[in-house]
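The values are calculated or read from the model by the stated rules, or taken from the named source; none is laboratory data. Just so it is clear, the model here is predicted, and its values are computed rather than measured. Glycine gets a Cβ as well: all are built from the backbone with ideal geometry, and neighbour counts include every protein chain shown.
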Amino acid sequence: MNDPLMPASAPELFTWEFATDPYPAYAWLREHAPVHRTTLPSGVEAWLVTRYADARQALADQRLSKNPAHHAEDAAGKSKTGIPGERSAGLMTHLLNIDPPDHTRLRRLVSKAFTPRRVAEFTPRVQELTDRLIDGFAEKGSADLIHEFAFPLPIYAICDLLGVPEEDQDDFRDWAGMMIRHGGGPRGGVARSVKKMRGYLAELIHRKREGLRQEGDDDLISGLIRASDHGEHLTENEAAAMAFVILFAGFETTINLIGNSVHAFFRNPGQRALFQDAVDRGNDDLLDSAVEELLRYDGPVEMATWRYATRALTIGGQEIPAGDPVLVVLAAADRDPERFDGPDVLDLARRDNQHLGYGHGIHYCLGAPLARLEGRVALETLFRRLPDLRLAADPAELRWRGGLIMRGLSTLPVEFTPEVSAG
């Protein structure tokens with residue numbers, strides 16, 4: 001869907017071909033129309049920001065609000081931005097939709113769950129989940145790496161973090177599965193899943209509030225309730241919305257980080273061999289820099305979440321009218337040759353790598369430390385246990401999930417030498 005004012009040579013955006021490899025189109029936009037107004041598949045008109053310097057400025061610009069109320073269509077009740085179903089489910093008051101001072105207050109409350117110490121303490125649990133999931137298919141010699149590994153790992157990890165009882169976690173897995181299938185608009189599968197999740201979270205918050213009188217749980221939902229009960233002015237809607245967005249923002253980014261990374265290794269055998277050597281030797285420095293490069297090269301988040309101009313402003317020489325939506329294209333910015341040497345080359349040893357994969361500014365992804373941990377543990381364990389992992393499909397047959405914000409594969413069939421059971 002292209003702007004009729006664009007030159008005829010402009011690439012077509014938001015097709016299946018574009019979803020498979022958007023990087024040539026983004027290269028064209030960076031050079032010819034770095035701040036480009038386009039019509040999205042939903043019919044919404046928005047500005048795409050594609051150069052690194054402009055993207056970094058926009059991500060930190062306080063004139064770009066996260067609050068959908070600044071979108072002209074929102075006032076008319078016709079907005080098609082944001083997460084389907086979140087408005088009708090009463091889940092709007094979360095970090096992706098608010099500005100300071102409310103954003104500052106809520107972020108301070110939830111940030112305690114993502115300190116380096118808390119994330120480090122969570123490492124054994126992530127390792128346990130990773131090994132358990134690989135155990136489930138290691139003896140078969142084949143798997144769909146998305147559905148059997150990359151998808152359930154962050155779901156179970158985040159459920160543990162939130163304090164969802166183990167007996168309820170498969171329900172969360174089912175709802176999350178419907179959400180990433182992009183099953184429709186406000187009346188589709190996504191919205192129905194959001195509504196079910198909202199009802200469950202309200203009940204769980206109530207149960208935990210009662211239970212906290214007898215026990216001292218240290219999960220995230222219990223912490224939010226405790227803060228609310230001690231005068232931090234956290235409403236039940238805010239607590240439910242915070243829990244919801246941590247799940248929503250956290251699970252698909254990790255699914256895509258794992259899937260996109262393995263796919264990148266299949267396409268770059270030299271770098272895959274370098275990673276395998278780092279795994280075998282326990283080279284922590286290379287393993288850490290590899291995760292950062294994989295985030296830059298083909299990261300899980302294609303575009304930053306919605307922003308709205310509170311007043312007219314200029315980005316990259318282009319005037320943005322008040323009320324217009326702005327989408328910062330992280331995937332384009334992180335391949336900007338003005339910022340990165342050889343941006344289209346996967347280089348696991350890259351040192352100058354201040355990518356924007358998890359954003360920038362006050363809305364920098366709160367769960368980035370946990371996502372990095374999950375990504376590294378998952379990839380390191382996968383290639384340690386299944387070193388001859390290989391693609392079990394024609395690369396041209398792989399399909400990428402349709403969607404605007406995230407970038408990830410629908411399936412990733414793989415083969416490997418089966419592990420021999422110790423029993």
Does any residue of region 403-418 turn out to be among the aromatic types (Phe, Trp, Tyr), within 26 Å of Gln127 (Cβ to Cβ), more than 12 Å from the chain's Cα centre (by Cα) and surrounded by 14 or more Cβ atoms within 10 Å (Cβ to Cβ)?
yes
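So for region 250-262 (the condition being in contact (Cβ under 8 Å) with a residue 12 or more places away in the chain and among the acidic types (Asp, Glu)), does at least one residue qualify? Spell out the reasoning first.
Of region 250-262, the ones in contact (Cβ under 8 Å) with a residue 12 or more places away in the chain are 250-262.
Filter again for among the acidic types (Asp, Glu), leaving 252.
Yes, some residue in region 250-262 is in contact (Cβ under 8 Å) with a residue 12 or more places away in the chain and among the acidic types (Asp, Glu).
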Taking only region 103-144 into account, find how many residues are closer than 15 Å to Arg384 by Cβ and in contact (Cβ under 8 Å) with a residue 24 or more places away in the chain.
6
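Rundown of residues vs (1) surrounded by fewer than 21 Cβ atoms within 10 Å (Cβ to Cβ); (2) touching a strand residue (DSSP E or B) at 6+ places or on another chain (Cβ under 8 Å); (3) at positive phi, yes/no style:
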{"residue": "Arg351", "(1), (2), (3)": "yes, no, no"}
{"residue": "Ala368", "(1), (2), (3)": "yes, no, no"}
{"residue": "Leu382", "(1), (2), (3)": "no, no, no"}
{"residue": "Leu389", "(1), (2), (3)": "yes, yes, no"}
{"residue": "Ala392", "(1), (2), (3)": "yes, yes, no"}
{"residue": "Glu397", "(1), (2), (3)": "yes, no, no"}
Return only the number of the condition from (1) at pLDDT 85 or above; (2) over 28 Å from Gln354 (Cα atoms); (3) crowded, with 17+ Cβ neighbours inside 10 Å that Ser79 does not satisfy.
(1)
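Looking at region 106-124, is at least one residue surrounded by 19 or more Cβ atoms within 10 Å (Cβ to Cβ), in a loop (DSSP other than H, G, I, E, B) and either of a type in the set (Asp, Glu) or modelled with pLDDT of 90 or more (or both)? Explain how you work it out, then say what you get.
So in region 106-124, the residues surrounded by 19 or more Cβ atoms within 10 Å (Cβ to Cβ) come out as 106, 109-110, 113-114, 119, 122.
Of the ones still in play, those that are also in a loop (DSSP other than H, G, I, E, B) are none.
No, region 106-124 has no match at all.
Which one is nearest to His71 (Cα to Cα), of the residues in region 17-35 that are outside any loop (DSSP other than H, G, I, E, B) and touching a residue at least 40 places away in the same chain (Cβ under 8 Å)? Reasoning before the result, please.
First pass over region 17-35, keeping only residues outside any loop (DSSP other than H, G, I, E, B): 17-20, 23-32, 35.
With the extra rule that they be touching a residue at least 40 places away in the same chain (Cβ under 8 Å), the set shrinks to 19-20, 23, 26-27, 29-30, 35.
Values: Ala19: 27, Thr20: 30, Tyr23: 29, Tyr26: 25, Ala27: 28, Leu29: 24, Arg30: 25, Val35: 18 Å.
If we take residues in region 17-35 being outside any loop (DSSP other than H, G, I, E, B) and touching a residue at least 40 places away in the same chain (Cβ under 8 Å), then Val35 is nearest to His71 (Cα to Cα).
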Assess whether Thr310 counts as being surrounded by fewer than 23 Cβ atoms within 10 Å (Cβ to Cβ) and within 24 Å of the chain's Cα centre (by Cα).
no
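Take Gly199 and tell me if it is among the small types (Gly, Ala, Ser), at pLDDT 95 or above and either exposed (fewer than 14 other Cβ atoms within 10 Å of the Cβ) or closer than 21 Å to Glu121 by Cβ (or both).
no
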